[in-house]
1. Can you run down the residue pairs with Cβ atoms below 8 Å, 6 or more apart or on separate chains, where the first is in the stretch B:80-99 and in contact (Cβ under 8 Å) with a residue 60 or more places away in the chain and the partner is aliphatic (A, V, I, L, M) and not in a loop (DSSP other than H, G, I, E, B)?
2. Could you tell me whether A:ILE89 is on the phi < 0 side of the Ramachandran plot and modelled with pLDDT of 90 or more?
3. Within the stretch A:172-204, work out how many residues are away from every other protein chain (no Cβ under 14 Å), among the hydroxyl-bearing types (Ser, Thr, Tyr) and outside any loop (DSSP other than H, G, I, E, B).
4. Hey, can you tell me all the residues within the stretch A:97-140 that are of a type in the set (Gly, Ala, Ser) and at the interface with another protein chain (Cβ under 8 Å from one of its Cβ atoms)?
5. Does B:GLN116 qualify as being more than 11 Å from DNA strand C (Cβ to nearest atom), farther than 22 Å from B:ILE74 by Cβ and buried (at least 17 other Cβ atoms within 10 Å of the Cβ)?
6. Go through (1) of a type in the set (A, V, I, L, M); (2) modelled with pLDDT of 90 or more; (3) surrounded by fewer than 20 Cβ atoms within 10 Å (Cβ to Cβ) and name the single condition B:MET1 misses.
7. Tell me the residue from A:HIS186, A:HIS205, A:HIS165, A:HIS173 that is modelled with pLDDT under 90 and exposed (fewer than 14 other Cβ atoms within 10 Å of the Cβ), please.
8. Which of the residues spanning the stretch A:154-187 are hydroxyl-bearing (Ser, Thr, Tyr), under 19 Å from A:ILE209 (Cα atoms) and within 14 Å of DNA strand D (Cβ to nearest atom)?
There are 2 protein chains.
Amino acid sequence: MQEIDTQDVINNFIVTSGFNEQFSFDPRQDTKLFHIAANDFIVKAGAPLTYLFYLVKGKAKLYDVLANGKVSLIDFFTPPCFIGEMELIEQRSATAFSMQAITDCWCLALPIRPLQKKLLADPVFLRQICLYFVHKNYRTVKTAGNNAAFPVAQRLASFILLTAHDGLYSEKHVQVAEYLGISYRHLLYVLAQFVKDGYLIKQQHHYKIANSDGLTRLAHDVNESTN
Amino acid sequence: MQEIDTQDVINNFIVTSGFNEQFSFDPRQDTKLFHIAANDFIVKAGAPLTYLFYLVKGKAKLYDVLANGKVSLIDFFTPPCFIGEMELIEQRSATAFSMQAITDCWCLALPIRPLQKKLLADPVFLRQICLYFVHKNYRTVKTAGNNAAFPVAQRLASFILLTAHDGLYSEKHVQVAEYLGISYRHLLYVLAQFVKDGYLIKQQHHYKIANSDGLTRLAHDVNESTN
DNA sequence: CCTCAACTATGAGATTTATCATACTTATAA
DNA sequence: TTATAAGTATGATAAATCTCATAGTTGAGG
């Protein structure tokens, strides 16, 4: 995670992402910009949360570390979206989950400590966060419906497109199986099927997308109803 | 839906449910109390939303009517919980979903029209609603995990206990199948299995719970991790 | 009274997915 | 260096779940 202090770039992100409209005050002077390299953590479970982040560019994924130490993939995020807003609202100092960058990510960031009181009393911000929660909730309901409604192949296709990076898919099978709610064994069956059908090409440590259009077509219905 | 204006009863509900702590102002003079008979609607999709409800007693279920006209069960609610808060936040006049009473329900209610502006500018209320969303979100994540993690029998057991009324289970199979994400046919298989195992007794138009403890034991894990 | 739609019900066979057993590879830590 | 754990991989078999076909029942409306 690296801070970028080119004021031009920061201001540009603030305006194009609508960040300034999330508050009743002008956040410009307090806002930092961070660049997070692919695979690095934006926030790590258990660590103290020092910033309220606002993802403006890139793709990220949210993990939960279960009681038994296992890792479970919860959800994916694309801009614009808040990170750490749940902890802020609950006034919890530590992060509940881990957010990891899939591709390179850029996040605007407000230091929580000095601003928490102000934020929790700011009706504009609270209203925006509420709206954010409502939409997130609609999306969750839709997604939950999808999981029941669509077969694994389609959901996996959608998943691969979502998480692929430069045409390469390289998620951990164990975690993906858990996320999709299927067994490890079955996931490998379906992946093998994708290879056989020419959607993917298997390479040592990852899969290369060979037929992006085909995958997109497969995933189409799922994505369609998630929007 | 019937208004109850016994002030004693209203005040009692307000205090015991913590309703007055949801606002920066004293809601007492604006708060009405409604009794909704089992199976009646608290809010109906598409109808204008005139009250922000707060369920203080009873069980209710949330439906979505899909584009194709089908009905899909989304979730269940127990006190205390807001009803209509999503529409209020989005400033939408019509209800997106339908909420139906499973058992007799009692709801505190604030008229939206005259109070909307005040509510959307009230930091206390907004913060409470945010907290409510955060918890709802945690719950959804857990539930979504459960749906993948637990076999149908356990989820159905949990479902039956949740929706049963006076020891009788009488939900529409079509909707339940959709809610559990299984086929109609399979639901009947599992119900037949429950009858064979002595959990349920089939009666003309419904099932009678014959072994509540057994069902509770079956459902145990599911409920455990939903809390 | 009749008809149509919605709901309930059951069987047979196919498909999807899980479980278990078993190896091989790779990275990490002692 | 050698264990040890995590990740990958594959086969065989069983269980869960779906699809399709088919029918009886019920309630609303003409």
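The values are calculated or read from the model by the stated rules, or taken from the named source; none is laboratory data. Fair warning: this is a prediction, and the values are worked out from it, not measured in the lab. When we count neighbours, we look across all protein chains shown, and the Cβ atoms used for this are built from the backbone with ideal geometry, even at glycine.
1. From the stretch B:80-99, the pairs are B:PRO80/B:LEU55; B:PRO80/B:VAL56.
2. Details: on the phi < 0 side of the Ramachandran plot: yes; modelled with pLDDT of 90 or more: yes.
Answer is yes for this residue.
3. Number satisfying all stated conditions: 1.
4. Our first condition is that a residue be of a type in the set (Gly, Ala, Ser); within the stretch A:97-140, this holds for A:98, A:101, A:109, A:121.
A:ALA121 - this is the single residue of the stretch A:97-140 that is of a type in the set (Gly, Ala, Ser) and at the interface with another protein chain (Cβ under 8 Å from one of its Cβ atoms).
5. Working: more than 11 Å from DNA strand C (Cβ to nearest atom): yes; farther than 22 Å from B:ILE74 by Cβ: yes; buried (at least 17 other Cβ atoms within 10 Å of the Cβ): no.
When the stated conditions are applied, B:GLN116 does not pass them.
6. Going through (1) of a type in the set (A, V, I, L, M); (2) modelled with pLDDT of 90 or more; (3) surrounded by fewer than 20 Cβ atoms within 10 Å (Cβ to Cβ) one by one, B:MET1 breaks only (2).
7. On the way: A:HIS186 fails: modelled with pLDDT under 90; A:HIS165 fails: exposed (fewer than 14 other Cβ atoms within 10 Å of the Cβ); A:HIS173 fails: modelled with pLDDT under 90.
One residue alone meets the criteria, A:HIS205.
8. Within the stretch A:154-187, the subset hydroxyl-bearing (Ser, Thr, Tyr) is A:158, A:163, A:169-170, A:179, A:183-184.
Then drop every residue that is not under 19 Å from A:ILE209 (Cα atoms), which leaves A:158, A:163, A:169-170.
Selection gives A:THR163, A:TYR169, A:SER170.
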